[in-house]
Amino acid sequence: LLTVFSLSGCGAKTAQKTDAATADGKKLFTIRVATQTQFNETTIAEDLGYFKEEGIAIEYTGVLKQGQTEYQTIVQGINDAFIGGHPSNVAQAVLGGVKVKIVAPGMVDNKDNPHVNYLVRDDSSIKTLNDIVGKKVGITAPGVCTSGYLDLSLKKNNLPDKVEWVTLPAAGQQEQALKQGLIDVATSHPPFAGVALKLGGVHSIGTSWDIVATPGAGLSVRGFSDKFINEHPDIVKGFAKALYKSHVWINSHPTEAKELIAKRLNLKAEDLTVFYYDTDPTIDPAFIEQWFKMSEDLGLWKHGDIQPTDIYTNDYAPKKI
């Protein structure tokens, strides 16, 4: 978080209208975001024309570098919105002095379409999540939904949290490392969990749903800086509406959603797994409170250091379809 302060003001530039236009000639307003390499609703909303309907164009600025956060890129002026975070990430950024706020929900956990699949090789001696003590576990980066869920699982079963976390941030890297025997367990997210399982040689020993067993514990969130929200409230509303429409569409058209993501990532649609999305356009306070409890149980901050209401707003949520 200290790194965030040192980057403040460097290379800043503001979002602006583009040369692209809607059918009636209205110029589109560009929102810059980090390039997504996993299953996500942003590219689907773009493919379906939902952003254009709101007068918005999405510009992808590149994949985040190892150790880099979306909140840092917002401070730097590289990106305008964060589209890949969880409530704990936002709270930590706010605690570090970054003025950002959640304006829309993303995916949630789901028994049939889990947030995380824990994969091992078919020849592994690891049979359950309790067997990960002393093992090498791949994660994209330290966090509640990567190492945190497993820490909570170990704590719940009175097991020592002695795990060797191996950070492999690039999409598909964990699954490859697992097959090569470089790690013992992969914390695999859609769509790559499905790809790995379809190719064979690995199997799941559990999912995030097995640990948390509630939709809210998988909540991802989308938002902007306070400054952007204050300067462009109508754009924020349009962005939240486009995402919401994509959530409803993805949940009701999972096959078609896989096809759109497959084209983006050059994968086979039939191999992919999908996220399940929150079809309520507002942020559920109970979901945020659940994330605060998990984060405090993991020691990310002390109870009372920050309030759940400090990190989100429902003022820009669209009406429910």
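Quick notes on this one:
- Helices (runs of 4 or more DSSP H) completely within segment 208-321 that count 2 or more residues being of a type in the set (Gly, Ala, Ser) and either within 17 Å of the chain's Cα centre (by Cα) or at pLDDT 95 or above (or both): 233-252, 285-297
- Listed by first and then second residue, the pairs with beta-carbon distance under 7 Å, at least 6 apart or on different chains, first residue in segment 92-112 and more than 29 Å from Lys320 (Cα to Cα) and of a type in the set (Lys, Arg), second open to solvent by 10 Å² or more (accessible area, probe 1.4 Å) and part of a helix (DSSP H, G or I), form an empty list.
- Val94 being within 25 Å of Phe287 (Cβ to Cβ) and at pLDDT 95 or above: yes
- Residue match in segment 285-304 (condition: in contact with a Gly (Cβ under 7 Å, 6 or more places away or on another chain) and surrounded by fewer than 17 Cβ atoms within 10 Å (Cβ to Cβ)): yes
- Among the residues of segment 131-176, those identified as open to solvent by 20 Å² or more (accessible area, probe 1.4 Å), within 22 Å of Lys293 (Cα to Cα) and among the polar types (S, T, N, Q) are Asn157, Asn158.
- When Gly84 is tested against the conditions (1) under 20 Å from Ala240 (Cα atoms); (2) open to solvent by 40 Å² or more (accessible area, probe 1.4 Å); (3) at pLDDT 95 or above, the lone failure is (3).
The values are calculated or read from the model by the stated rules, or taken from the named source; none is laboratory data. As the structure is a prediction and not an experimental result, all values here were calculated from the model. As a convention, Cβ positions derive from the backbone with ideal geometry for all residues, glycine included, and neighbour counts pool all protein chains shown. In case anyone asks, the SASA skips ligands and DNA or RNA and just uses the protein heavy atoms, side chains included. Shrake-Rupley method; radii C 1.70, N 1.55, O 1.52, S 1.80 Å.
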